[in-house]
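Trainee: There's a structure below that I have some questions on.
The values are calculated or read from the model by the stated rules, or taken from the named source; none is laboratory data. Note that the structure is a prediction, hence the values are computed from the model and not measured. Every residue, glycine as well, gets a Cβ built from its backbone with ideal geometry; the counts of neighbours run over all protein chains shown. The protein model used for the area step is the full one, side chains on, heavy atoms only, and it has no ligands, DNA or RNA in it. Shrake-Rupley method; radii C 1.70, N 1.55, O 1.52, S 1.80 Å.
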Amino acid sequence: ADTSYHSGDNLKKCEEEGLDAYIPDRDFRRRDPRFASRGRYRPVTPRGFIDDDFVYDESADQFTCPNGNTLIFTARKIWYGRDVFRYAAERKDCDNCEFRKRCIRRTTVRRKFLNIPVSGREINYSRKMADKVDTELGKAIYPLRQGIVEPVFANIRVQKRLNRFTLRGKVKVNIQWMLYCIIHNIEKITNYGCRFAYG
């Protein structure tokens, strides 16, 4: 799907449904050297660390950062409306750390803090998808959308005028969508023969 569908909720739903989705974020072309001639490419810089880069030791109730330093539990608090456990690194460990720029974004912050939701560590679906799209496989698969998916949507939306579903509920919407797909495939069989029906 195109970048308009890149959202945390959509990506989470794809993972829950077991869909092997490729939905890039809006900056994916800026990271791709194939677009260097278009002036939108910028050399890939090391990405910032996320919560998953910190290893949790349940027995000691502490995290280990990518540089091998520990973050210990300091408090349970409300942070931006979320109930979180806060873990903090020692200031001396962060002052001269070689990974500081990747770990701490704000220059006014002197040490690393991790805010882990009480219900468990959240998954950064957007970061996971960006990493997936940036792989060689992702770069090879995503452009196929233009020849496989877009013509189908264009035909159904423009020629068949299905700009919105007229029924409610997942079951009814699925039935309506399948009926339009049948019409689309019959049209392809009529025009091109059976071998193009499911392209």
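Trainee: Would you pick out the residues in segment 8-38 that are among the small types (Gly, Ala, Ser), assigned to a loop (DSSP other than H, G, I, E, B) and without any contact (Cβ under 8 Å) to a residue 12 or more places away in the chain?
Mentor: Of everything in segment 8-38, just one residue is among the small types (Gly, Ala, Ser), assigned to a loop (DSSP other than H, G, I, E, B) and without any contact (Cβ under 8 Å) to a residue 12 or more places away in the chain, namely 18.
Trainee: On to the next question. Output the qualifying pairs, or none if there are none: Cβ atoms under 6 angstrom, residues six or more apart or on different chains, first residue in segment 140-156 and touching a residue at least 24 places away in the same chain (Cβ under 8 Å), second residue open to solvent by less than 70 Å² (accessible area, probe 1.4 Å) and aromatic (Phe, Trp, Tyr).
Mentor: Between residues of segment 140-156 that are touching a residue at least 24 places away in the same chain (Cβ under 8 Å) and residues that are open to solvent by less than 70 Å² (accessible area, probe 1.4 Å) and aromatic (Phe, Trp, Tyr), the close pairs are 141/22; 142/22; 156/180.
Trainee: Still on this structure: Give 35, 49, 28 a once-over and let me know the one that is exposed (fewer than 15 other Cβ atoms within 10 Å of the Cβ), among the aromatic types (Phe, Trp, Tyr) and in contact with a helix residue (DSSP H, G or I) (Cβ under 6 Å, 6 or more places away or on another chain).
Mentor: Checking each option against the conditions leaves just 35.
For (1) in a helix (DSSP H, G or I); (2) surrounded by 13 or more Cβ atoms within 10 Å (Cβ to Cβ), each residue gets a yes or a no:
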{"site": "94", "(1), (2)": "yes, yes"}
{"site": "102", "(1), (2)": "yes, yes"}
{"site": "146", "(1), (2)": "yes, no"}
{"site": "156", "(1), (2)": "yes, yes"}
{"site": "168", "(1), (2)": "no, no"}
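Trainee: Could you say which residue among 60, 75, 1 is over 27 Å from residue 119 (Cα atoms) and open to solvent by less than 60 Å² (accessible area, probe 1.4 Å)?
Mentor: It is 1.
Trainee: As an exercise: evaluate residue 164 against (1) open to solvent by 70 Å² or more (accessible area, probe 1.4 Å); (2) among the basic types (Lys, Arg); (3) assigned to a helix (DSSP H, G or I); (4) closer than 18 Å to residue 1 by Cβ and give the number of the one condition it does not meet.
Mentor: All conditions pass for residue 164, except number (3).
Trainee: Any chance segment 122-131 includes a residue that's in a helix (DSSP H, G or I), open to solvent by 90 Å² or more (accessible area, probe 1.4 Å) and closer than 30 Å to residue 82 by Cα?
Mentor: Yes: segment 122-131 contains one or more residues that are in a helix (DSSP H, G or I), open to solvent by 90 Å² or more (accessible area, probe 1.4 Å) and closer than 30 Å to residue 82 by Cα.
Trainee: On the given criteria, is residue 98 within 30 Å of residue 54 (Cβ to Cβ), surrounded by 11 or more Cβ atoms within 10 Å (Cβ to Cβ) and among the charged types (D, E, K, R)?
Mentor: It is false that residue 98 is within 30 Å of residue 54 (Cβ to Cβ), surrounded by 11 or more Cβ atoms within 10 Å (Cβ to Cβ) and among the charged types (D, E, K, R).
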